[in-house]
1. Kindly provide the set of residues from segment 277-316 that are surrounded by 16 or more Cβ atoms within 10 Å (Cβ to Cβ) and at positive phi, ordered by number.
2. So which residues in segment 22-49 are among the aromatic types (Phe, Trp, Tyr) and either in a helix (DSSP H, G or I) or at pLDDT below 90 (or both), if there are any at all?
3. Condition check: modelled with pLDDT of 90 or more and either more than 27 Å from the chain's Cα centre (by Cα) or of a type in the set (A, V, I, L, M, F, W, C) (or both). Does Gly246 satisfy that?
4. How many residues does segment 169-218 contain that are among the small types (Gly, Ala, Ser), on the phi < 0 side of the Ramachandran plot and touching a helix residue (DSSP H, G or I) at 6+ places or on another chain (Cβ under 6 Å)?
5. Looking only at segment 52-64, decide whether some residue is part of a helix (DSSP H, G or I) and buried (at least 20 other Cβ atoms within 10 Å of the Cβ).
6. For segment 250-309, enumerate the residues that are charged (D, E, K, R) and under 23 Å from Thr159 (Cβ atoms).
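The values are calculated or read from the model by the stated rules, or taken from the named source; none is laboratory data. Remember, it's a predicted structure, so these values are computed and weren't measured experimentally. Every residue, glycine as well, gets a Cβ built from its backbone with ideal geometry; the counts of neighbours run over all protein chains shown.
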Amino acid sequence: MRRTLAFLTTLVTAATGLLLTSGVASADPSAADWEALRQCESTGRYDINTGNGYYGAYQFDLSTWRSVGGSGYPHEASPAEQDYRALYLYRMRGWQPWTCARIAGLSEDGDARSKNVPTYGGGSNVPTPPPAPPSTPAQPATPAGVPAYPGRIFTEGVTSDALVAWQKQMGARGFGLTGTGFYGALTKSAVISLQQQAGLEVDGKIGRNTWNAAWTTSFGPTAAPAAPATPTAPAAPANAENCSVGATAAPAWPGVQYNPGDTAAQLQCWQKQMGSRGYGLVGTGYYGPSTKAVVIGVQQRNGLNPSGILGPKTWAAAWEGN
């Protein structure tokens, strides 16, 4: 009996040891899992910022980024830091913050939701973080007379109140901008022209240097911006008859496609015609969000591509379409 009990004890001990060694999950998700997540979230781009409030390879929003110790903007951080903050978040909340984790069928291991802050260099899948930033990180000095840079990069299609000051400054310098807060085609043209004259990278984005240049760059006689192709402050048409408001046949298409952000005298006629048909437009000549909604509605009702671009077919539909 004693020999039998001793033998059984040996078997139990061996089995327990086997469970403890073979049952422990590997440390954190594999490199392949992280790659699958990044491809789904951002096509693997660490520098992505589409203006939707989510940034970088793992599409952090700012509150989540800061909850795991991040500072500044995620897409401006190094890939190593973004990797580390993603692992940190996984330790706190598992795959829950990422919809793409469910799409990719990723499974959690024992470290998920463990609340254990990753140790730098603590495992094969734990990236080495960047050096800790200084307690008072140095920022480029704001030139005298220049409003403080808002701290974000503006790209085409973005609407932000923080953009108004830059647009008004560029308008005062002859670029025809009025300060709508919408980054449309006219704003992009001004950005590119300014970057060319200031010797900056011509990428069409308003970052810190392009922001400052609106106040600090000198435009010489030969570097003055070209006059906009369409009037920036169009005079109102003399009357509704000039615009053929209420007619059954459309007036001649002006020959220019209109996009969000454009300003044109001819655009007033289309807006006034649509206003007469119950769409609430009054004919400002500015292609803003309200005009875009009407353009898309007309395109949908008339079987046109709902692109939001006011071309010849959409122009004619205001008078002749449904």
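1. Matches in segment 277-316: Gly283, Gly285, Gly308.
2. Restricting attention to segment 22-49, the residues satisfying the condition of being among the aromatic types (Phe, Trp, Tyr) are 34, 46.
Trp34 - this is the single residue of segment 22-49 that is among the aromatic types (Phe, Trp, Tyr) and either in a helix (DSSP H, G or I) or at pLDDT below 90 (or both).
3. no
4. So the first thing to find is which residues in segment 169-218 are among the small types (Gly, Ala, Ser), and the list is 171-172, 174, 176, 179, 181, 184-185, 189-190, 193, 198-199, 204, 207, 213-214, 218.
Then keep just the ones that are on the phi < 0 side of the Ramachandran plot; that gives 171-172, 184-185, 189-190, 193, 198, 207, 213-214, 218.
Filter again for touching a helix residue (DSSP H, G or I) at 6+ places or on another chain (Cβ under 6 Å), leaving 190, 198, 213-214.
Looking only at that region, the number is 4.
5. Here is the first cut: in segment 52-64, the residues part of a helix (DSSP H, G or I) are 62-64.
Checking which are buried (at least 20 other Cβ atoms within 10 Å of the Cβ) leaves us with none.
Scanning segment 52-64, I find no residue that is part of a helix (DSSP H, G or I) and buried (at least 20 other Cβ atoms within 10 Å of the Cβ), so the answer is no.
6. Residues of segment 250-309 charged (D, E, K, R): 262, 272, 277, 292, 301.
Asp262, Lys292 - these are the residues of segment 250-309 that are charged (D, E, K, R) and under 23 Å from Thr159 (Cβ atoms).
The rows are residues; the columns are (1) in a helix (DSSP H, G or I); (2) polar (S, T, N, Q).
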{"site": "Trp270", "(1), (2)": "yes, no"}
{"site": "Gly278", "(1), (2)": "yes, no"}
{"site": "Thr284", "(1), (2)": "no, yes"}
{"site": "Ser290", "(1), (2)": "yes, yes"}
{"site": "Gly297", "(1), (2)": "yes, no"}
{"site": "Gly308", "(1), (2)": "no, no"}
{"site": "Ala316", "(1), (2)": "yes, no"}
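One line per residue, one yes/no per condition, for (1) touching a strand residue (DSSP E or B) at 6+ places or on another chain (Cβ under 8 Å); (2) modelled with pLDDT of 90 or more; (3) among the β-branched types (Val, Ile, Thr); (4) within 30 Å of Met274 (Cα to Cα):
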position: Gly220; (1), (2), (3), (4): no, no, no, no
position: Ala227; (1), (2), (3), (4): no, no, no, yes
position: Pro231; (1), (2), (3), (4): yes, no, no, yes
position: Pro234; (1), (2), (3), (4): yes, no, no, yes
position: Ala240; (1), (2), (3), (4): no, no, no, yes
position: Gln257; (1), (2), (3), (4): yes, no, no, yes
